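All remarks here apply to the structure that follows.
The values are calculated or read from the model by the stated rules, or taken from the named source; none is laboratory data. These numbers were taken from a predicted model, which means no experiment stands behind them. Cβ coordinates were reconstructed from backbone atoms using ideal geometry, including for glycine residues, and neighbour counts include every protein chain displayed.
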Amino acid sequence: MPIVFRKNIAEGTELSIWRIAESADQLYSKLQLDERERAVFDSFKNQHKRSLHWLGSRVLLRTLLNTDKYINLKIDEYRKPYLANLPHQVSISHSHDFAAVMVSLNGPVGVDIEEISPKIEKVAFRFLLPEELSFIAEKTACAGIADGEARLHHLYACWSVKEAIYKWYGKGGLAFQGGIILQPFPLEKEGCVRAKVLLDGQWREMNACYREFEGYMLAWCY
């Protein structure tokens, strides 16, 4: 199984990326699925990419947990994954040829991976405040890439960080624009961002981190 990135975030907290290369049959053979899970898989097994994402993220989860036992992965009412028979918190993301999984024994986690594409320019105003767009315009310097590309990568760093925070929270109803406010940060290949997050009517400050990886943007928080 081609794990291409693995990071120990903290004691009991780990993140990994896997490049999806196996066939659906190869992935399926590595899993223990109950009747409910087989029914879920059968409902979209004719959707090739979705099948690979679903299977691949579960095989990666099994690898991170390092267990041969049955893993009872379920989805709650807010579409947040959880492990019904294990103490770990889990977050899952996938984009095109990659799957990302983050697990922790210490509390909630959030992970996001996105393929970097110019299409984000059309929707940036929907998830970023004017002041966030302004600091991106002011901080386009990034070693080794042109300003236009730097802006694109900066937008994706912001998007993925907000997505990771949203998944960390896991209860829905958290607005990307206005509910998660990012402090200005310089774009680097890997870095961390300070954010203010509106949780249950109270503002909370927290950190989230990002990393550019082979034309994708990865972000995580815990």
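Taking the numbered list (1) out of contact with any Asp or Glu (no Cβ under 8 Å at 6 or more places or on another chain); (2) modelled with pLDDT of 95 or more in turn, residue 187 passes all entries but (2).
From the list 203, 159, the one residue that fits, being assigned to a strand (DSSP E or B) and not assigned by TED's automatic domain parsing to the domain that holds residue 77, is 203.
Where strands (runs of 3 or more DSSP E) fall wholly inside the range 63-134, the ranges with 1 or more residues that are among the small types (Gly, Ala, Ser) and in contact (Cβ under 8 Å) with a residue 12 or more places away in the chain are 89-95, 98-104, 110-115.
The set of residues from the range 196-222 being surrounded by 20 or more Cβ atoms within 10 Å (Cβ to Cβ) and among the aliphatic types (A, V, I, L, M) comprises 197, 208, 217, 218, 219. If you check residue 166 against the conditions, is it in a loop (DSSP other than H, G, I, E, B), among the aromatic types (Phe, Trp, Tyr) and in contact (Cβ under 8 Å) with a residue 24 or more places away in the chain? So residue 166 fails the test.
Of the listed requirements (1) farther than 19 Å from residue 124 by Cα; (2) not in a loop (DSSP other than H, G, I, E, B), residue 171 misses just one: (2).
Here is a check on your reading of the model: is residue 49 in a helix (DSSP H, G or I) and among the basic types (Lys, Arg)? In short, yes.
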